[in-house]
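Asks: Pasting in a structure now, in structure tokens, and then I'll have a few things to ask.
The values are calculated or read from the model by the stated rules, or taken from the named source; none is laboratory data. Bear in mind that the values here come from a model prediction, so they are computed numbers and not experimental data. As a convention, Cβ positions derive from the backbone with ideal geometry for all residues, glycine included, and neighbour counts pool all protein chains shown. Each accessible area value is taken on the protein alone, full model and side chains, heavy atoms only, with ligands, DNA and RNA left out. Shrake-Rupley method; radii C 1.70, N 1.55, O 1.52, S 1.80 Å.
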Amino acid sequence: SRTQVAIIGGGPAGLLLSRLLHLDGIDNVVLERRSRGHVLGRIRAGVLERGTTDMLRQAGVAQRMEAEGELHDGVELAFGGARHRLDLARLTGAHVTVYGQTEMTKDLYAALDAAGAPVLHEVEDVALHGIDSTGPHVTWRRGDEVHRLDCAFIAGCDGFHGISRQTMPGDVLRTYEKVYPFGWLGVLARTPPVNDELIYANHAEGFALCSMRSRVLSRYYIQVPITDRVQDWPDERFWAALRARLPAETAARLVTGPSIEKSIAPLRSFVAEPLSHGRLFIAGDAGHIVPPTGAKGLNLAASDIHFLHRGLARFFASDDESGLKDYSAKALARIWKAERFSWHMTTLMHRFPESSGFDQRLQRAELDYIFSSEAAMTALAENYVGLPYE
Ligand code: FAD
Ligand code: DHB
């Protein structure tokens, strides 16, 4: 069979691209390795930048987000036992929206289903062919059957462990990476969030984050050694560690309950360059990873799709390749700024195993400085709410 764009991966990046292309009348097929239930069961990001919510509106899938998502005008950083509020709205005129990645994914699936758009699940052994030619194709297996899809372009939206990036020639692709010596243990609990706004806490025992999905659903994270496993952290131990890392007044208000999801994510910074080769374009986690401090991963996937969708739309509307030629450079310029911010927030807020007293005093001085300087608060706030797309 044949389509215009073959999209590898049915996460947020792939689904958003598929939806935007369908609205333009551009034929495409999404190929996803896992079942829909598996994709929707992964608890991941929760904070959306304005650029991301604008994209969801453009895609016509923002209705539920507008009804159920929560606008946040500020965020808190806690250190030295005290809380400090960053007034995002006053400093930047913008806010962020708390709405789970799983909800966004659900909304995209619903819109694609309603339009009869093809999303194929549980496809195995996806392989990309002829990306250097003008007639690439994709093959995959489902049970004993091998399938082939011819296309004009391939969008590699298959995440960090996907096949698309690995299909780029080794002499073309350069990668840049930093691995951090700790992970985040995340817990989802059906309890009211401890605070109306998010709290990022720097503490001698390690970083902690208080987030939420709704008024009745809390999402908490704590920094743990990279060697720890989920089994090492029964609920009681998790709640005690979280409580110890929060300012006393906050800890006193913490409502605990049984965890309904618990997982450990490693922290990594990673960028692949370039993001395109021939007829292949990679977007989202397939091309880059940020550590979660700063909530940029999902938002970068959305901004990549903004640039890639524009390039493809121009090509199919008027044979103009300029947007596709520009894609990698445009996307990377924004990606590197989010890499810098995520690295900085990670460095500022975590306890590194090898950190000296000097390093810890520097962290403390920087946090003190930020909250004593309008300029420094503004710099942090404008990155947190999301830098412009151009
Ligand atoms: P993905 O969501 O990874 O989607 C890629 C899809 O491709 C997957 O569905 C996968 O099954 C599919 N796929 C993979 N290989 C193949 C193949 N060979 N063939 C076909 N399909 C394939 N960001 C935040 O901002 N805050 C967070 O708290 C946060 N927590 C995270 C926790 C974890 C464990 C992880 C892994 C990421 C987290 N992120 C977080 C990052 C954020 O979730 C990602 O940046 C976002 O999911 C990127 O979307 P994507 O569509 O590019 O990739
Ligand atoms: C969440 C995750 C983040 O990485 C972050 O910076 C803020 C919130 C969350 O899952 O709610």
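Asks: Can you work out which of the residues in region 217-241 that are among the aliphatic types (A, V, I, L, M), in contact (Cβ under 8 Å) with a residue 40 or more places away in the chain and touching a Phe, Trp or Tyr at 6+ places or on another chain (Cβ under 8 Å) is surrounded by the fewest Cβ atoms within 10 Å (Cβ to Cβ)?
Replies: ILE226
For every residue, the table says whether it meets (1) within 13 Å of ligand 2 (Cβ to nearest atom); (2) open to solvent by less than 10 Å² (accessible area, probe 1.4 Å); (3) closer than 26 Å to GLU32 by Cα; (4) among the basic types (Lys, Arg).
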position	(1), (2), (3), (4)
ILE154	no, yes, yes, no
HIS161	no, no, yes, no
GLN166	no, no, yes, no
THR175	no, no, yes, no
GLY183	yes, yes, no, no
ASP196	no, no, no, no
HIS203	no, no, no, no
PHE207	yes, yes, no, no
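Asks: Something else now. Is there a residue being away from ligand 1 (no atom under 16 Å from the Cβ), in a loop (DSSP other than H, G, I, E, B) and either open to solvent by 50 Å² or more (accessible area, probe 1.4 Å) or touching a helix residue (DSSP H, G or I) at 6+ places or on another chain (Cβ under 9 Å) (or both) anywhere in region 42-59?
Replies: Quick first cut of region 42-59, residues away from ligand 1 (no atom under 16 Å from the Cβ) only: 54, 57-58.
Narrowing the set further to residues that are in a loop (DSSP other than H, G, I, E, B) leaves none.
The answer is no; no qualifying residue exists.
Asks: Quick one: ARG310 ticks every box in (1) away from ligand 1 (no atom under 12 Å from the Cβ); (2) within 30 Å of VAL224 (Cα to Cα) except a single one, so which number is it?
Replies: Every condition holds for ARG310 apart from (2).
For every residue, the table says whether it meets (1) more than 12 Å from ligand 1 (Cβ to nearest atom); (2) open to solvent by 10 Å² or more (accessible area, probe 1.4 Å); (3) farther than 23 Å from VAL138 by Cβ.
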{"site": "VAL271", "(1), (2), (3)": "yes, no, yes"}
{"site": "HIS277", "(1), (2), (3)": "yes, yes, no"}
{"site": "ILE282", "(1), (2), (3)": "no, no, no"}
{"site": "ASP285", "(1), (2), (3)": "no, yes, no"}
{"site": "GLY294", "(1), (2), (3)": "no, no, yes"}
{"site": "LEU300", "(1), (2), (3)": "no, no, yes"}
{"site": "ASP326", "(1), (2), (3)": "yes, yes, yes"}
{"site": "LYS337", "(1), (2), (3)": "yes, yes, yes"}
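Asks: Here's a follow-up. What strands (runs of 3 or more DSSP E) lie completely within region 98-212 and have 1 or more residues being under 30 Å from ALA241 (Cβ atoms) and under 20 Å from the mean Cα position of the chain (by Cα)?
Replies: Counting at least 1 such residues, we get 174-189, 199-202.
Asks: Please count how many residues of region 348-363 are open to solvent by 20 Å² or more (accessible area, probe 1.4 Å) and closer than 27 Å to ALA89 by Cβ. Lay out the reasoning, then the answer.
Replies: First, pick out the residues of region 348-363 that are open to solvent by 20 Å² or more (accessible area, probe 1.4 Å): 351-363.
Restricting the remaining residues to those that are closer than 27 Å to ALA89 by Cβ gives 363.
Looking only at that region, the number is 1.
Asks: Identify the single condition in (1) open to solvent by less than 40 Å² (accessible area, probe 1.4 Å); (2) outside any helix (DSSP H, G or I); (3) touching a Phe, Trp or Tyr at 6+ places or on another chain (Cβ under 8 Å) that MET377 does not satisfy, given that it satisfies every other one.
Replies: (2)
Asks: Looking only at region 132-152, filter to residues that are among the β-branched types (Val, Ile, Thr) and within 15 Å of ligand 1 (Cβ to nearest atom); which one of those is surrounded by the most Cβ atoms within 10 Å (Cβ to Cβ)?
Replies: Checked region 132-152; the qualifying residue surrounded by the most Cβ atoms within 10 Å (Cβ to Cβ) is VAL138.
Asks: Here's a check for you: in region 295-349, which residue that is of a type in the set (Val, Ile, Thr) and in contact (Cβ under 8 Å) with a residue 40 or more places away in the chain is farthest from ligand 2 (Cβ to nearest atom)?
Replies: ILE305
Asks: Might you check whether a residue that is surrounded by fewer than 18 Cβ atoms within 10 Å (Cβ to Cβ), among the basic types (Lys, Arg), on the phi < 0 side of the Ramachandran plot and modelled with pLDDT under 95 occurs anywhere in region 15-36?
Replies: no
Asks: Right, another one. Is it the case that some residue within region 284-294 is on the phi > 0 side of the Ramachandran plot and either touching a Cys at 6+ places or on another chain (Cβ under 9 Å) or in contact (Cβ under 8 Å) with a residue 12 or more places away in the chain (or both)?
Replies: yes
Asks: Shifting gears a bit: Test ALA78 against the stated conditions and say whether it is hydrophobic (A, V, I, L, M, F, W, C), buried (at least 16 other Cβ atoms within 10 Å of the Cβ) and touching a strand residue (DSSP E or B) at 6+ places or on another chain (Cβ under 7 Å).
Replies: So ALA78 fits the description; yes.
Asks: Quick test for you: out of ALA272, ALA244, ALA317, ALA331, pick the one residue that is in a helix (DSSP H, G or I), under 16 Å from ARG165 (Cα atoms) and either at pLDDT 95 or above or under 13 Å from the mean Cα position of the chain (by Cα) (or both).
Replies: Result of the check over ALA272, ALA244, ALA317, ALA331: ALA331.
Asks: Same structure again: Does region 13-24 contain at least one residue that is under 25 Å from ILE289 (Cα atoms), within 16 Å of ligand 2 (Cβ to nearest atom) and among the small types (Gly, Ala, Ser)?
Replies: Looking for residues that are under 25 Å from ILE289 (Cα atoms), within 16 Å of ligand 2 (Cβ to nearest atom) and among the small types (Gly, Ala, Ser), one finds none in region 13-24, hence no.
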